[in-house]
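Got a structure here, written out as structure tokens. Questions coming.
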Amino acid sequence: MTGRSPLTTADVRSRTTPSWPLPGGGDTDRRWRMLAALAADDLPLAKLVEPHHDAVAILHELGGRAPEAGEVWAVWAAEPPFAVLTATRDAHDEDGWRLSGSKAFCSGAGLVTHALVTAESADGPRMLAIALDDPGVTDGEGPAWQGAGMRRADTRTLDLHDVAARAVGGPGDYVGRPGFWAGAIGIAACWLGGAHGVARTLEDRAPRLDPHGLAHLGAVRASLDVAGLALEAAASRLDRGTDDEDELERLALSVRAHVADVVESTIAHVGRALGPAPLAFDARHAEHVADLQVFVRQHHAERDLARLGSLPVAGTTEEDGGDDDD
């Protein structure tokens, strides 16, 4: 058997309407459940659909132009040292910018119509909107995608040569807005959906499992159920509203770390319960596992855990967080 067919712009566009609930708008749990359901079935498609709806939320929050019917948007914010993008003011348009340099990890590069990209400018880091039909956007010289996982997401390195752009918000606004952390948890919802997709292979064999296999299935169900409750609670917290940036960051980092662990444990339990056969003979399962292992590496592992450990203890301040000798 062979894997799934390549994705098309029409595949992604079909999941961009109607508009999804905005994060923090009172129906965040439904938004994340929609992402998880899509990811359980098709992770590369979720990898492209989630950024479109994230872009809608970013543009709404920062006052940018809302996407028009038929447009498919990406959000490209990865900034590895080998791909640097620089923004300068447009000398002929007081509201315009020009972008030059490279952008790596551009998922959907040949499938989307527009993108929000991060770039360095003289006044700090900025987010800018570009149209992918600008003649200055070309395939870069970076390494071509070689891995089996996420092949259908069409991820490339792009070169930008004096590309016209519009600023979205001001310097630092992309990461400084409250919705940044809601978007980070939305990614975790995709990971969790992907884990459900892996678990489905074990669930389908439940009537034939021996006690050893049933123990693995029980462990998988327990971890998936608790992760789902964590996302539900996080959605409720966001919908109640908060301006505490440390609280939002702690919430996002905690949920992402937990879900990333659930992903890894689910893959391990399913493999130990069923052996090599699904990876060897079930093309859809093997492709889904490979996709998920790439996707979950958007979690920054111990770097994120170190950041989480550095945040103030919930409910304390610097003034009351120390020892009291009185």
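Looking at Leu45, Leu35, Leu7, which is the one that is of a type in the set (A, V, I, L, M), over 15 Å from the mean Cα position of the chain (by Cα) and at pLDDT 95 or above?
Numbers: Leu45 fails: over 15 Å from the mean Cα position of the chain (by Cα); Leu35 fails: over 15 Å from the mean Cα position of the chain (by Cα).
Being of a type in the set (A, V, I, L, M), over 15 Å from the mean Cα position of the chain (by Cα) and at pLDDT 95 or above holds for just one of Leu45, Leu35, Leu7, which is Leu7.
Restricting to the stretch 56-83, count the residues that are open to solvent by 70 Å² or more (accessible area, probe 1.4 Å) and within 30 Å of Ala144 (Cα to Cα).
3
Tell me which residues, restricted to the stretch 1-42, are open to solvent by less than 70 Å² (accessible area, probe 1.4 Å), small (Gly, Ala, Ser) and under 26 Å from Val263 (Cβ atoms).
Once the filter is applied, which keeps residues that are open to solvent by less than 70 Å² (accessible area, probe 1.4 Å), small (Gly, Ala, Ser) and under 26 Å from Val263 (Cβ atoms), the stretch 1-42 yields Gly3, Gly24, Ala36, Ala37, Ala39, Ala40.
Go through the residues of the stretch 263-281 one by one and say whether even a single one is over 16 Å from Ala222 (Cα atoms), touching a residue at least 60 places away in the same chain (Cβ under 8 Å) and of a type in the set (D, E, K, R).
Within the stretch 263-281 (the criterion being over 16 Å from Ala222 (Cα atoms), touching a residue at least 60 places away in the same chain (Cβ under 8 Å) and of a type in the set (D, E, K, R)), the answer is no, since none of the residues qualifies.
Which one is farthest from Met150 (Cα to Cα), of the residues in the stretch 252-292 that are charged (D, E, K, R) and in a helix (DSSP H, G or I)?
Kept after step one, since they are charged (D, E, K, R), are these residues of the stretch 252-292: 256, 261, 264, 272, 282, 284, 287, 291.
Still in the list and also in a helix (DSSP H, G or I): 256, 261, 264, 272, 284, 287, 291.
Details: Arg256: 20, Asp261: 20, Glu264: 17, Arg272: 24, Arg284: 13, Glu287: 8, Asp291: 5 Å.
It comes out as Arg272.
Residue-by-condition table, conditions (1) surrounded by fewer than 24 Cβ atoms within 10 Å (Cβ to Cβ); (2) among the aliphatic types (A, V, I, L, M); (3) under 19 Å from Glu249 (Cα atoms):
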{"site": "Asp173", "(1), (2), (3)": "yes, no, yes"}
{"site": "Gly176", "(1), (2), (3)": "yes, no, yes"}
{"site": "Ile185", "(1), (2), (3)": "no, yes, yes"}
{"site": "Trp191", "(1), (2), (3)": "no, no, yes"}
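Within the stretch 241-272, can you find the residues that are more than 30 Å from Gly213 (Cβ to Cβ), among the charged types (D, E, K, R) and open to solvent by 40 Å² or more (accessible area, probe 1.4 Å)?
If the condition is that a residue be more than 30 Å from Gly213 (Cβ to Cβ), among the charged types (D, E, K, R) and open to solvent by 40 Å² or more (accessible area, probe 1.4 Å), then Asp243, Asp244, Glu245, Asp246, Glu247, Arg250 are the ones that fit.
For the stretch 1-45, what are the residues that are assigned to a helix (DSSP H, G or I) and more than 15 Å from Leu231 (Cβ to Cβ)?
First, the residues of the stretch 1-45 that are assigned to a helix (DSSP H, G or I): 9-13, 28-41, 43-45.
Thr9, Ala10, Asp11, Val12, Arg13, Asp41, Leu43, Pro44, Leu45, listed by residue number.
Only one of (1) closer than 25 Å to Arg30 by Cα; (2) in a loop (DSSP other than H, G, I, E, B) fails for Gly170. Which number is that?
(1)
Next question, about the same structure. Give all pairs with beta carbons closer than 7 Å in which a residue from the stretch 64-79 that is within 16 Å of Thr16 (Cβ to Cβ) and at pLDDT 95 or above meets a residue that is among the acidic types (Asp, Glu) and surrounded by 19 or more Cβ atoms within 10 Å (Cβ to Cβ); count only pairs at least 6 apart in sequence or on separate chains.
Val75/Asp54
OK, next. Out of the stretch 91-113, which residues are open to solvent by less than 30 Å² (accessible area, probe 1.4 Å) and in contact (Cβ under 8 Å) with a residue 60 or more places away in the chain?
Matches in the stretch 91-113: Gly96, Trp97, Leu99, Ser107, Gly108, Leu111, Val112.
Take His196 and decide whether it is open to solvent by 70 Å² or more (accessible area, probe 1.4 Å), in contact (Cβ under 8 Å) with a residue 60 or more places away in the chain and assigned to a helix (DSSP H, G or I).
Values: open to solvent by 70 Å² or more (accessible area, probe 1.4 Å): yes; in contact (Cβ under 8 Å) with a residue 60 or more places away in the chain: yes; assigned to a helix (DSSP H, G or I): yes.
Yes; evaluated as a whole, the condition is true for this residue.
The values are calculated or read from the model by the stated rules, or taken from the named source; none is laboratory data. Computed from a predicted model, the values in this text were never measured in an experiment. Cβ atoms come from the backbone with ideal geometry, glycine included; neighbour counts cover every protein chain shown. Accessible surface is based on the protein model in full, side chains and every heavy atom, while ligands, DNA and RNA are left aside. Shrake-Rupley method; radii C 1.70, N 1.55, O 1.52, S 1.80 Å.
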